[in-house]
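What follows is one structure encoded as structure tokens, with my remarks underneath.
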Amino acid sequence: MPEIIAVDFGGTNIRAAYFPSPEPPPATQIKIPTKADEGPEAVLGRLVEAIESQYPDRHHDLRIGIASPGPLNPMEGIILMAPNLKGWRDVPLRDRVQDRFGVPVFIGNDANLAALGEWRFGAGRGTRHMIYLTLSTGIGGGVIVDGRLLLGWRGLAAELGHLTLDTQGPLCGCGQRGHAEALAAGPAIARRAIERLHSGEPSSLASELERHGTLTARQVGDAARHGDDLAIQTIAEAGAWIGLLLADLAHAFNPQIFVLGGGVSQIGALLFDPIERSLERHVMDPAYIEGLRILPAELGDDAGLVGAMVLASLKELSA
């Protein structure tokens, strides 16, 4: 069995872990700041240092798996563009790391690999058709079809947060209008709550907004759990959009299970219940939701790290 060093890196942190065999938990791991504003070469240097810190003294069939922000081309190992990493465009990450360490290196979109981790070792284990969504600052995802991660022609598939739900909707960070991310991610929930407060609706969140000048989705979720009507309705509105997204995905992929992760998913039943109601309302036939489960993710922040390990362990991708 291969030994694997898995890396999960983004705009804030770089995490690396050593797996003596292809299953969690890792034997050792480290987390260091990315310092993305210093540019690609500095970040690559820190990524290499993180890998070096996990390198075993002796090894046989060592591989490196990397979960990276994208969009990226996993076949060629190139990060095409990463909005949260300054200056990252057409960076040949796989070749740079492979040249440094001389072992096989595999990279994948961080949301896709989180899906892979949840499918193999988390909430989706035992299934063959699964869709994973991470609901956080953005909305990302991954699709497992017949026991395989869906990549698409150039490895760009499953940008599920950028499916259009409302052509007249708010502007998404990508520049398009009405994407799921613009309607139901954490910042969208906070923005909608602020809009309602500015329109004069009463809420306990008014004092938070006055004190801090802004709100977060976590604050809206906390207020909802304490019975605040505006917060409950705002969370339900986001849930309705997510449910519509799931209905579209159910029509396209007919999964056995939806797994929802990310910080926004931790709001719990106040979000999950309206998601389920909206999904039921928008599917064209009840057959699409017969036996379908919607479950919270199990791996938390480790999903990408575990997914990078799974990627590197797959025989068909590491020959």
Check your understanding: Which peptide among 176-183, 281-288 comes first, and what is the full order, when sorted by highest mean count of other Cβ atoms within 10 Å?
Key -> 176-183, 281-288
Check your understanding: For residue 270 and residue 57, what is the calculated FRET efficiency with R₀ set at 51 Å and r taken between the beta-carbons, to the nearest 0.05?
Key -> 0.55
Exercise for review: Beta carbons within 10 angstrom, averaged per residue: use that to sort the peptides 214-223, 55-64, highest first.
Suggested key: 214-223, 55-64
Exercise for review: Within the set of other residues whose C-beta is less than 12 Å from the C-beta of residue 299, count the net charge using Lys and Arg as +1 and Asp and Glu as -1.
Suggested key: -3
**Study point:** Helix 269-282 vs. the chain, principal-axis angle (Cα, 0 to 90°, nearest 10)
**Key:** 80
Exercise for review: Would you work out which of 9, 144, 185 lies farthest towards the positive end of the dipole of the chain, given +1 charges on the beta-carbon of Lys and Arg and -1 on that of Asp and Glu, about the Cα centre?
Suggested key: 9
Practice item. With a probe of 1.4 Å, find how much accessible area the chain has per residue, and write the answer as a whole number in Å². Key: 46
Practice item. Determine the relative contact order of the chain: mean sequence separation of Cα pairs under 8 Å and six or more apart, normalised by residue count, in whole percent. Key: 19
Check your understanding: So if we plug the beta-carbon distance of residue 148 and residue 298 into 1/(1 + (r/R0)^6) with R0 = 22 Å, what FRET efficiency do we get, rounded to 0.05?
Key -> 0.60
Review point. Where does each of 65-71, 164-170 land if you order them by average Cβ count within 10 Å, highest first?
Key: 65-71, 164-170
Exercise for review: Throw me the Rg/Rh for the range 11-117, computed over C-alpha atoms with Kirkwood Rh, two decimals.
Suggested key: 0.94
Practice item. Would you mind counting up the charge near residue 118? Only other residues with Cβ under 9 Å from its Cβ, with Lys and Arg at +1 and Asp and Glu at -1. Key: +1
Check your understanding: Roughly speaking, to the nearest percent, how much of the chain's 1.4 Å accessible area is carbon and sulfur?
Key -> 50
**Study point:** Length added when fully stretched, residue 31-residue 166, from 0.36 nm per residue minus Cα-Cα
**Key:** 44.7 nm
Check your understanding: Where does each of 119, 241, 153 land when they are ordered by accessible area, with a 1.4 Å probe and the largest first?
Key -> 153, 241, 119
Check your understanding: If you find the alpha carbon centre of the range 186-211 and of the range 133-172, how far apart are they in angstrom?
Key -> 28
Check your understanding: Residues with beta-carbon under 15 Å from that of residue 73, excluding residue 73: net charge, scoring Lys, Arg +1 and Asp, Glu -1?
Key -> -1
Review point. Mean residue ellipticity at 222 nm from the helices of the chain, using -39,500 (n - 2.57) per DSSP H segment of n ≥ 4 over the full residue count, to the nearest 500 deg cm²/dmol?
Key: -12000 deg cm²/dmol
Revision key, fill the gap. Gyration tensor on Cα atoms of the range 202-307, a ≥ b ≥ c root eigenvalues, a/c under 1.5 rounded, else prolate if a/b beats b/c, else oblate, says oblate
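The values are calculated or read from the model by the stated rules, or taken from the named source; none is laboratory data. Predicted, not measured: the structure shown is a model, and the values here were computed from it. We place every Cβ from the backbone using ideal geometry, glycine too, and count neighbours over all the protein chains shown. The area values use the complete protein model at the heavy-atom level, side chains included, leaving out ligands, DNA and RNA. Shrake-Rupley method; radii C 1.70, N 1.55, O 1.52, S 1.80 Å.
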